[in-house]
Amino acid sequence: MTFRSSLAFALVTAAATASVRAESRPIDADRSTLMVFVYKAGLFSAFADDHIIRAPIASGSISADPPLAVEIVVQSANLKVLDPKLADDKRSEVQSRMLGPDVLDSEKYPDITFTSTAIEAAGPDRWTVTGRLSIHGKTRPTTFSVARQDGRYRGSVVVKQRDFEILPISIAGGVVKVKDEVKVEFDIMPQR
């Protein structure tokens, strides 16, 4: 084999390999958001509070070229209860309970992860994403819709706490409690 044909072979091989591997870009954690909404339930729910929680992304990547893929890691200890209507001491109490053994048990289960297993086109700049969500040491399949606008990927998913063996908080014999379903809204920006 001549030098020229060896070089051509190497370039063709490199080009073919590059086209098979998708370029994965890191997620811009500073410009991306994950928000968790926990809603009240029960007979006396009027006396309870809904909760808004910020879940900062610790790391992640996204591939917009085939094969499409997304991976996100959130450190559970970094979740922050925002609840603007709560007094500081009550907000701190909700924060401690959320991170403690009754809910996330962030010392025992430090990471919340999502890894896509399939991404299917659902129209222009829209996809149906299926993957594995791990919370509280349990991994479950989940599927949700994503739309891209202005380079950002947005969507939401409803997650049941009991699916991850988390018992929704209940007080006073269940007359005041939080719903099993929590809503997660995301706005993801890949790094440029």
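The values are calculated or read from the model by the stated rules, or taken from the named source; none is laboratory data. This one's a predicted model, so the numbers in the text were calculated from it and none came from an experiment. Backbone-built Cβ (ideal geometry, glycine too); neighbour counts: all protein chains shown. With ligands, DNA and RNA removed, areas are computed over all heavy atoms of the protein, side chains included. Shrake-Rupley method; radii C 1.70, N 1.55, O 1.52, S 1.80 Å.
Determine the sum of side-chain charges near Val158: Lys and Arg each +1, Asp and Glu each -1, restricted to other residues whose C-beta is under 9 angstrom from that of Val158.
Once positives and negatives cancel, what remains is +1.
Counting Lys and Arg as +1 and Asp and Glu as -1, each charge on the Cβ, what is the dipole of the range 103-192 about the Cα centre in debye, to the nearest 20?
Rounded to the nearest 20 debye, it is 100 debye.
What are the principal axis extents of the Cα atoms in the range 70-109, in Å, biggest first?
36, 23, 11
Can you pull the accessible area of Ile188 for me, 1.4 Å probe, Å² to the nearest 10?
10
Pairs of Cα atoms under 8 Å, at least six residues apart: use those to get the relative contact order of the range 35-115, whole percent.
27
Per residue, how large is the accessible surface of the range 105-148? Use a 1.4 angstrom probe and give square angstrom.
Details: 2550 Å² over 44 residues.
For the range 105-148, the per-residue accessible area is 58 Å².
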